[in-house]
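This report concerns only the one structure given below.
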Amino acid sequence: MASIHASVKNKVLETTGHMDALLVHENDALHKICAKLMNIKQISFSNINQVLAHQLGSVFQPTYSVEGSCHYRRNPLGDLMENLVPHPEFKMLGIRNIPQMSENSLAYSTFTWAGLLKHLRQMLISNSKMEEGIDWQVRPPLPGLPTLGKASLNRGLHFNMSIANLVILRGKDVHSADLGGFKDSALYTSWLEPINAFNAWKTHRAFSKYEKSAALVSNSQFLLKPLDTIVGKAWNMFASKAYIHQYTKFGMEEEDFLDSFTLLEQVVASYCNL
């Protein structure tokens, strides 16, 4: 499936057994960002890689270690794992960042933390990959709603349940930003308290010409639908013996495919049952 980075299909087995986490990017989403937000007419791999680098940079550029500190984090990868992967069965991470636009548009734009974070939160719960086209009808389930009712509501409104979230804020007046909307217990699975499920990193240094910018790294159900589609298509191809001979002649057995399908189905089932 073109919309999912090839690493999803090639690395799931490693993810389950050996990798700490998998940071997933969807090619279709990157392409839409280039077209709709960056206003690029002829989109190249270089353009897509530039958007990808921007997203990664918005997360891994230095941030302060604690609130009010002047010392930068020494182990951002370790901190990322500690904040976002509380259970070895859930290792899929996705990135969203805001704002992202062409330099021509940036010159005429102003931003507030309240506006940026309101949009970023709605991008999270509605599983929107970019600011344009956010579904504002999606809401978290009501407190006290029975588990069965929550599951039904999630399917109907496409609410994206989270395990853990990390928000990275960069820019002017960063310490005045109100992150209360990301601490709402309704956003998270019941087995992890919001105080442990949400973390924030900050720095007053601006990123990539944006006076204020925010990035969100989320361990959530964001990949559930595309991953389920991949499994279904892979099963159909396997059942029809499509391309199997190209793998078996190099030593792979049909049992290897079945093991991979089983692992993928377990990932889908685990996230589906949040």
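The values are calculated or read from the model by the stated rules, or taken from the named source; none is laboratory data. What you are looking at is a predicted structure, and each value in this text was computed from that prediction instead of being measured. Glycine gets a Cβ as well: all are built from the backbone with ideal geometry, and neighbour counts include every protein chain shown. Side chains are part of the model used for accessible areas, which takes the heavy atoms of the whole protein and leaves out ligands, DNA and RNA. Shrake-Rupley method; radii C 1.70, N 1.55, O 1.52, S 1.80 Å.
Here are the numbers for the structure shown:
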quantity	calculated
Search result, residues across segment 60-103 that are open to solvent by less than 60 Å² (accessible area, probe 1.4 Å) and small (Gly, Ala, Ser)	SER65, SER69, GLY78, GLY94, SER102
So MET252, is it assigned to a loop (DSSP other than H, G, I, E, B) and either modelled with pLDDT of 90 or more or at negative phi (or both)	yes
Segment 170-218, subset more than 18 Å from MET92 (Cβ to Cβ) and under 16 Å from the mean Cα position of the chain (by Cα), residue surrounded by the fewest Cβ atoms within 10 Å (Cβ to Cβ)	ALA200
Residue satisfying condition, being in a loop (DSSP other than H, G, I, E, B) and either in contact with a helix residue (DSSP H, G or I) (Cβ under 7 Å, 6 or more places away or on another chain) or under 19 Å from LEU223 (Cα atoms) (or both), within set PRO62, PRO88	PRO88
